[in-house]
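Structure first, then comments.
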Amino acid sequence: MRKTTGLLSVLVLGAAVAGPVASAQAAPAPAQVSAASCHSLVVKTNSANDKALSADRAHSYKKAIGHNKTTQKYAVQGQGACRHARHAAEIRDALHAAQQGARRAELNNKRAHAEHDARAGRAAFHDEEEVKMRLRDALRYV
């Protein structure tokens, strides 16, 4: 004979009771969702760029290429998500500049990886530092 504590039945009963109550709550306003996703995408862009900087410091140019692509992806998504933000023009300009800088850094990292060119690696590092400055501008407005 198996003995149970009844914890499972309490959890199931609690989920059944909490289900309708949780769904009855009002959904957040679309502007709040947009602002939250705008902020999170700018933060993700910054995080991806920081990873690219770290890979460049370690002279791991192939990893940096992947992080630059991710930076570009999040910057493009952020431009779309931030179109209704309070300072939309400033945020979008900063994200666009960050996207262009990440593209330049990606090309320099490709050249550094393929040709073993340290000068291109330094140029990529400086491009990523510029992207970091642009993302700080975007974070100031978000």
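Note on LEU107 and ARG86: with the Förster distance fixed at 25 Å, the Cβ-Cβ geometry gives a FRET efficiency of about 0.15. Be a star and scan segment 111-142 for residues whose amide nitrogen sits under 12 Å from the point 7 Å along the Cα-to-Cβ vector of VAL76. Output list for this probe position: empty. Between segment 79-121 and segment 35-49, how many Å separate their Cα centres? Measuring centre to centre over Cα atoms gives 14 Å.
Once the chain from ARG140 to ALA36 is taken as fully extended at 0.36 nm per residue, the excess over their C-alpha distance is 36.0 nm.
If packing is taken as the average number of other Cβ atoms within 10 Å across a peptide's residues, how do 68-76, 129-137, 46-54, 82-90 rank, most packed first? Please list the in-between numbers first.
Values: 68-76: 22.7, 129-137: 18.8, 46-54: 20.4, 82-90: 15.4.
Taking the mean over residues of other Cβ atoms within 10 Å, the ranking is 68-76, 46-54, 129-137, 82-90.
Between ALA58 and ASP93, how high is the FRET efficiency from 1/(1 + (r/R0)^6) when r is the Cβ-Cβ distance and R₀ = 35 Å? Nearest 0.05. Mind showing how you got there, number by number?
Numbers: r = 31 Å, r/R0 = 0.89.
Computed FRET efficiency for ALA58 and ASP93 comes out at 0.65.
Any read-out appearing in this document is the output of simple, stated calculations on the displayed coordinates, not a laboratory observation. Keep in mind it's a predicted model, so treat the numbers as computed, not measured. Because the Cβ atoms are built from the backbone with ideal geometry, glycine has one as well, and the counts that use them run over all protein chains shown.
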